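The values are calculated or read from the model by the stated rules, or taken from the named source; none is laboratory data. This is a predicted model, so every value here is computed, not measured. Here Cβ is always computed from backbone atoms with ideal geometry, including for glycine, and neighbour counts include all displayed protein chains. All accessible areas refer to the heavy atoms of the entire protein, side chains included, with ligands and DNA or RNA removed. Shrake-Rupley method; radii C 1.70, N 1.55, O 1.52, S 1.80 Å.
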Amino acid sequence: MVKCKIDNLNNFPNIMFFLSNEVFVYLSLVIVLMSMLFYALDNLSIVLKSIVILTFLLIFFSIFPYLDQNEKNLLNPQTILKGFSNTSLITVLCLLILGQGVVQTRALDNVLSSLTRLFPDRPNIVIIFCLMLVLILSAFINNTPVVIIFIPILQGIIKNTNSSLGRFLMPLSYVAILGGMTTLIGSSTNLLVSDSLKTYSDITLGFFDFTLAGSIIAFSGFMYVIIFSKFDVFLKDRSPQSNEFLNNRENNFITQVVINENSSLIGKNTQDGKFPGLEKIKVLMIQRGEHAEHGPFESFVLEKGDILVVSISREQLTEILSKDIVLIEDTEKSEDTVDNKLITEAMVTPSSSLVGNTIENVSFRYRYNCLVIGLQRKSRIITKKMGELPLEPGDTLLIQGNKEVIKNLRNQNDLLPMEWATSEISNKEIANKSLLIFLSVISLGAFEILPLVVASLLGVVSILFFKVLTIRQVIRSIDNNLLLLIVTSLALGQVIQVTGTANFLSEFLLQILEGSAPMTIILCFYVFVSITTNFISNNACAVLFSPIAIDIADKLLVDPKILAIALIFAVNTSFLTPLAYQTNLLVMGPGHYKFIDYVKFGLPLTILCWLIFYITFPIFYDV
């Protein structure tokens, strides 16, 4: 039933429609499902999608208010937007900043450098130790900074072996996810489930309440990753982007040449994609001002000042230098100059200022003194109109420049070079401060000396006070995508809880499984959530399913904490798709993975987690 009311306050009409509770339940289901599908779209940013959903919720529940007995709108703007003041959100953001402090100071490089020297001829031992360290660290640091720390470290370890980085990056992401399910702060999803449990049932989840059960699942998954990552049938070792981009060239190098005012190439047009006089040379890119043109070149006329990025042999270079008066930009004609030109891969970090901007808009060539000649996004290498695409976290750029320029990229917060060997940290004092602050925050929260949100905020203040990070670096550590995603998810969670949709869904599940044992119902719920979390954000999944889990617990007459812990384990089984978890997406470019690689390697791990959960969960909890 729909009722309409039109008020006139201050000469502004206020139109409201009143719906029955049953209609609200069905509409809420539609809103949540449409929001999930909207988040699955690739061509829009998470920030924009979150703002659109929040705006829709504000407008919808202003026109169709959900009223209590006192005719108060239970889903008013204050309720929908109160996620911005949510203590779990603040804790998550503070922990991200603390993790960035560990990343920025390279606090772990010294330890791993010593380990590398201890086993100089046994890189596999060092890699296993690194993954074990990731498993432990991820229990206390947000997974994203941990993965960012170890990507270049692993590259440095394997650079002198016959393996490629792709053999180890997906295991790195999976191990970080597994470690995150062992403590309250191991993942942002854990904190969000804990917050929902406190909100809806007034039950507090302790720091180590699920550590033992989670550790068994995590260790089982760790053993699977270590053993089965060696087999191509589970994880194919794909070639680096640079090899694919250059078609595995031999005896060629990448260099830049500039067309000067006397060049005979000026005014030359392409013929069958080749330039007259450069038929034997592979032209990868032509830079004209801030615009980059990539092949195949059609109806492109060369002009004075054009910079050509070419794959060329020494003999061919000598020939065009003498014949066509083409000069190497800003250099002398010497073999040392040619050898000084390098190509490397660098990943766009989640907190990078490049995210959302195009290569042309940020004046990449002048800002970093090097050129981008290729871009890999997920499983695709992009060259055509590459400079016009807004960059995303996890994009891998193929960069060409001299040795000094490539080296300087290591000091940039925006990019993570793949060629970054383990080395002595540059400032041990700052690194030690970073670790001390981080460990202090963990101790204060774990032993409940201070509330976790207070300890986290104190850690951020300490990072600023001791100058571990600048204010600018702290602000850039905050992931706007994650912030708005969590706020929107909390708003949607409020909708399904307040309107009774959570109760409706829990009753529907129990009707289907009528007569089943409680553990069977919990397992079915766990499996359903673990599949769902691979296709929508695990943060959204945690918030949306929390009220449903608590309703199921009430109907089964079991402790709601048990269902909350099962939900935490479920939303942390994000192994089937690159979109399931941010770290999966981050390693996709550097590892050169395809979507099918996640299914082949992640499906057995997901099933293993199901089995371990079913066997061990009743042992630790009264089900």
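Restricting attention to segment 501-520, does a residue exist that is polar (S, T, N, Q), touching a residue at least 24 places away in the same chain (Cβ under 8 Å) and open to solvent by 40 Å² or more (accessible area, probe 1.4 Å)?
yes
Of all residues in segment 521-533, count the ones that are more than 12 Å from residue 556 (Cα to Cα), open to solvent by less than 30 Å² (accessible area, probe 1.4 Å) and touching a residue at least 24 places away in the same chain (Cβ under 8 Å).
Going through segment 521-533 one residue at a time, the tally reaches 5.
Restricted to segment 446-467, and to residues that are surrounded by 18 or more Cβ atoms within 10 Å (Cβ to Cβ) and either of a type in the set (S, T, N, Q) or at pLDDT below 90 (or both), which residue is nearest to residue 539 (Cα to Cα)?
So, considering only residues that are surrounded by 18 or more Cβ atoms within 10 Å (Cβ to Cβ) and either of a type in the set (S, T, N, Q) or at pLDDT below 90 (or both), the one nearest to residue 539 (Cα to Cα) is 456.
Being part of a helix (DSSP H, G or I) and aromatic (Phe, Trp, Tyr) is the filter here, so list the residues in segment 592-623 that pass it.
595, 598, 601, 610, 613, 614, 617, 620
Which residues, counting only those in segment 611-620, are surrounded by fewer than 19 Cβ atoms within 10 Å (Cβ to Cβ), in contact (Cβ under 8 Å) with a residue 12 or more places away in the chain and either touching a Phe, Trp or Tyr at 6+ places or on another chain (Cβ under 7 Å) or not β-branched (Val, Ile, Thr) (or both)?
Once the filter is applied, which keeps residues that are surrounded by fewer than 19 Cβ atoms within 10 Å (Cβ to Cβ), in contact (Cβ under 8 Å) with a residue 12 or more places away in the chain and either touching a Phe, Trp or Tyr at 6+ places or on another chain (Cβ under 7 Å) or not β-branched (Val, Ile, Thr) (or both), segment 611-620 yields 614, 618, 620.
Can you spot a residue in segment 344-362 that is within 25 Å of the chain's Cα centre (by Cα), open to solvent by less than 60 Å² (accessible area, probe 1.4 Å) and modelled with pLDDT under 75?
yes
Given the criteria out of contact with any helix residue (DSSP H, G or I) (no Cβ under 6 Å at 6 or more places or on another chain) and hydroxyl-bearing (Ser, Thr, Tyr), does residue 516 qualify?
yes
Quick check: anything in segment 119-139 among the acidic types (Asp, Glu) and open to solvent by 50 Å² or more (accessible area, probe 1.4 Å)?
yes
Please count how many residues of segment 494-533 are of a type in the set (Val, Ile, Thr) and closer than 16 Å to residue 566 by Cα.
Residues that pass the stated criteria total 8.
If you go through segment 204-218 one residue at a time, how many are open to solvent by 40 Å² or more (accessible area, probe 1.4 Å) and either of a type in the set (Lys, Arg) or in contact (Cβ under 8 Å) with a residue 24 or more places away in the chain (or both)?
Number of matching residues: 5.
Exactly one of (1) under 14 Å from residue 32 (Cα atoms); (2) not in a helix (DSSP H, G or I) is unmet by residue 544. Its number?
With (1) under 14 Å from residue 32 (Cα atoms); (2) not in a helix (DSSP H, G or I) applied to residue 544, the lone miss is (2).
Just checking, does segment 198-208 include any residue being farther than 19 Å from residue 133 by Cα and under 18 Å from the mean Cα position of the chain (by Cα)?
no
Answer with yes or no whether residue 568 is of a type outside the set (Ser, Thr, Tyr) and either surrounded by 24 or more Cβ atoms within 10 Å (Cβ to Cβ) or touching a His at 6+ places or on another chain (Cβ under 9 Å) (or both).
For residue 568, the condition - of a type outside the set (Ser, Thr, Tyr) and either surrounded by 24 or more Cβ atoms within 10 Å (Cβ to Cβ) or touching a His at 6+ places or on another chain (Cβ under 9 Å) (or both) - is met.
Can you name the number of the only condition in (1) basic (Lys, Arg); (2) buried (at least 20 other Cβ atoms within 10 Å of the Cβ); (3) under 28 Å from residue 223 (Cα atoms) that residue 561 fails?
Just one mismatch for residue 561, condition (3).
Taking segment 41-63 on its own, how many of its residues are under 30 Å from residue 535 (Cα atoms), more than 20 Å from the chain's Cα centre (by Cα) and open to solvent by less than 70 Å² (accessible area, probe 1.4 Å)?
8
Considering only residues that are open to solvent by 10 Å² or more (accessible area, probe 1.4 Å) and hydrophobic (A, V, I, L, M, F, W, C), look in segment 153-185 and name the one that is farthest from the chain's Cα centre (by Cα).
157
Within segment 67-159, which helices (runs of 4 or more DSSP H) (wholly inside it) include 2 or more residues that are among the aliphatic types (A, V, I, L, M) and touching a Ser or Thr at 6+ places or on another chain (Cβ under 9 Å)?
In segment 67-159, the matching helices (runs of 4 or more DSSP H) lie at 87-105, 109-118, 123-137, 143-158.
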